[in-house]
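K.L.:
Just passing along the structure, written as structure tokens.
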Amino acid sequence: MIIPTIPTPDELLDKGFRRGKKAADLARTSKIPRRLKSKRIEEIRVITACQVIKDRLKMILDRVPDIETLPEFYQDYIDITVGVDEMKKSLGALNWAYGIITQLEKDYASKIRRSLPENASSYQKQAYGRIASVVNKIKKDLDFLDFAKANLRNMPTIDFEATTIVIAGFPNVGKSTLLRQITNASPEVADYPFTTKGIQIGHLERNWKKIQIIDTPGLLDRPILDMNEIELNAMVALEHLADAILFIIDVSETCGYPIENQYNLSEEIKRIFNVPMIYLFNKMDISQMNKKENDKNTDNEIELKNVIDSSKNDYDANISYLNQYLNKIDEYLFISAYEGKGIEEILKKLEKVEKIEEDNSQMENEYEY
Ligand SMILES: Nc1nc2c(ncn2[C@@H]2O[C@H](COP(=O)(O)OP(=O)(O)OP(=O)(O)O)[C@@H](O)[C@H]2O)c(=O)[nH]1
Ligand SMILES: [Mg+2]
């Protein structure tokens, strides 16, 4: 999200007062009856300073999108990253300052106009004092918006039209390798709160269907009970987006986690996301190394091909150790992300994933009118 540059109170006041002085200097050279001149100068000084400060505040208020009209994912993202309530409070404070300065501008312009010429300058000073006090009161709000600007700069760009697939699985199971294989391009990396590496988003199109695939290092790769509240929120934000989960299980266990633990994690994630889950049994190319050391069949290539080509009811005997899991799940494929095997089958499955329409009809109506 792009938030405009946020000034400090001093910067805001300096600019306003400097422009006020300029306008006053200009008024001094104008042809106004001497009697009125000093009043005119001070009136212009106050009005100009107020206008400049108000313009700057308004520009910030106009450019920061109304958080409530943003898709839920962004609202959550903003909440996790900087806090939606604080954001609203700060914008509210700027709005308050805008209103007060508008009032001061009106009051002091009229006071100066009705004053004796010799009092004009003291009213102007009074006005400046009050403007400064208002602007200084919103210091912490300006500071906060500056902090929000820095932290929301790299908010991920989500395509809300696309069908969204979230990749999950323990570390090192091959999530990034897969993402690169299916999206055929290096995925964009965007900040994501509480994952050390941000999120990676890859895009592809199949039969005119736009699909976006999100890899979330450090988030969906460990038991939910281990997560703190903020991480849970970060996960909930993703939940708004996911139309399906690709859950990767490293059958070779070279990632360091037993298949059983990997499967248990998938169940947790499934429960929370409540969207279709497609299991990808990855690293089939080396699956036998750990599992069947004394297996006489050493031709892994052929073995893998059989596995991939076979229907799920007719898989190879070599994967019988997976039966206990396969019996419990509907959608799965055997793949080797590293060798690019099974990719086409994944794409066929992704094509069939249906986009979940979020109930944001209200929001769409707002955009229409
Ligand atoms: N043999 C084999 N190695 C694989 C396969 N897929 C991934 N790997 C290897 O497994 C390691 C981890 O792969 P990544 O794609 O980085 O795994 P990741 O799940 O993204 O890991 P994190 O981002 O750290 O959670 C790398 O060395 C990959 O080359 C596969 O199908 N077969
Ligand atoms: Mg990765």
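Taken together, the values in this text are just the output of simple stated rules run on the coordinates, not laboratory data. Just so it is clear, the model here is predicted, and its values are computed rather than measured. Virtual Cβ from ideal backbone geometry, glycine too; neighbours counted across all protein chains shown.
K.L.:
Under the classification rounded if a/c is under 1.5, otherwise prolate if a/b is larger than b/c and oblate if not, where does the range 107-216 fall, given a ≥ b ≥ c as square roots of the Cα gyration tensor eigenvalues? Please report the intermediate quantities before stating the final value.
P.N.:
Numbers: a/c = 7.02, a/b = 3.52, b/c = 2.00.
Because a/c hits 1.5 or more and a/b exceeds b/c, the range 107-216 counts as prolate.
K.L.:
Shape verdict for the range 9-152, please, from the Cα gyration tensor: rounded (a/c under 1.5), prolate (a/b greater than b/c) or oblate. Can you show the working numbers first?
P.N.:
Details: a/c = 3.26, a/b = 3.03, b/c = 1.08.
Since a/c reaches 1.5 and a/b is larger than b/c, the shape of the range 9-152 is classed as prolate.
K.L.:
What fraction of the DSSP beta bridges in the chain is antiparallel, stated in percent and rounded to the nearest 5? Numbers along the way, then the final one.
P.N.:
Details: 11 of 29 bridges.
About 40 percent, rounded to the nearest 5.
K.L.:
By its C-alpha gyration tensor, with a ≥ b ≥ c as the square roots of the eigenvalues, how is the range 168-249 shaped: rounded for a/c under 1.5, else prolate for a/b larger than b/c, else oblate? Don't skip to the answer; put the middle values down first.
P.N.:
Numbers: a/c = 1.85, a/b = 1.63, b/c = 1.14.
Judged from the Cα gyration tensor, the range 168-249 comes out prolate (a/c at least 1.5, a/b above b/c).
K.L.:
With θ set to phi - 60° and the Karplus curve 6.51 cos²θ - 1.76 cosθ + 1.60, what are the ³J(HN,Hα) couplings of the range 186-195 in order, to the nearest whole Hz, using x for Gly and Pro?
P.N.:
6, x, 6, 10, 10, 4, 9, x, 6, 10
K.L.:
Another question, if that's okay. Once you have the Cα-Cα distance between LYS22 and ASP66, take 0.36 nm times their residue separation minus that, and quote the gain in nm to one decimal.
P.N.:
Numbers: separation 44, 0.36 × 44 = 15.84 nm, distance 3.51 nm.
Roughly 12.3 nm would be gained on extension.
K.L.:
Any chance you could run the full-extension gain for ASN172 through LYS15? It's 0.36 nm times the residue separation minus the Cα-Cα distance, nm to one decimal.
P.N.:
Working: separation 157, 0.36 × 157 = 56.52 nm, distance 5.38 nm.
Full-extension gain reported as 51.1 nm.
K.L.:
Under 5 Å between amide hydrogens, which residues at least 5 positions from LYS341 or on another chain qualify, with H placed 1.01 Å from N in the peptide plane?
P.N.:
Amide H to amide H, under 5 Å and 5 or more residues apart or across chains, LYS341 pairs with SER336.
K.L.:
I'd like to compare 88-98, 162-172: which one has the highest average count of other Cβ atoms within 10 Å, and what's the full order after that? Please list the in-between numbers first.
P.N.:
Values: 88-98: 17.9, 162-172: 22.5.
Going by the mean number of other Cβ atoms within 10 Å, highest first, we get 162-172, 88-98.
K.L.:
What is the order of ASP243, ASP66, fewest Cβ neighbours within 10 Å to most? Walk me through the numbers on the way to the answer.
P.N.:
Details: ASP243 20, ASP66 10.
In increasing order of surrounding Cβ atoms, one gets ASP66, ASP243.
K.L.:
Would you list HIS240, HIS203 from fewest to most Cβ contacts within 10 Å?
P.N.:
On the way: HIS240 18, HIS203 15.
Exposure proxy ranking, most exposed first: HIS203, HIS240.
K.L.:
List TYR192, TYR263 from most exposed to least, where exposure is judged by having the fewest other Cβ atoms within 10 Å. The partial results should precede the final answer.
P.N.:
Values: TYR192 26, TYR263 17.
Least to most surrounded, the residues fall as TYR263, TYR192.
K.L.:
Beyond 27 Å, what percent of the Cα pairs of the chain remain? If you can, show how the numbers build up before the last one.
P.N.:
On the way: 40953 of 67896 pairs.
Taking all Cα-Cα pairs of the chain, the fraction more than 27 Å apart is 60 percent.
K.L.:
Turning to a different aspect of this structure: So what's the gap between the Cα centers of the range 95-155 and the range 215-282, to the nearest angstrom?
P.N.:
Their Cα centres are 51 Å away from one another.
K.L.:
Looking at the range 1-71 from every direction and averaging, what is the projected area of its Cα convex hull in nm²?
P.N.:
Values: hull surface 24.0 nm².
Projected area, direction-averaged: 6.0 nm².
K.L.:
What are the residues whose amide H is under 5 Å from the amide H of TYR279, where those residues sit 5 or more places off or on another chain and H is modelled from the backbone?
P.N.:
Those lying under 5 Å, H to H, from TYR279 are PHE247, GLU331, TYR332, LEU333.
K.L.:
Okay, moving on. Counting each DSSP H run of 4 or more residues in the chain as -39500 (n - 2.57), what helix-only mean residue ellipticity at 222 nm follows after dividing by all residues, to the nearest 500 deg cm²/dmol?
P.N.:
Numbers: 14 runs with 197 residues, N = 369.
Rounded to the nearest 500, it is -17000 deg cm²/dmol.
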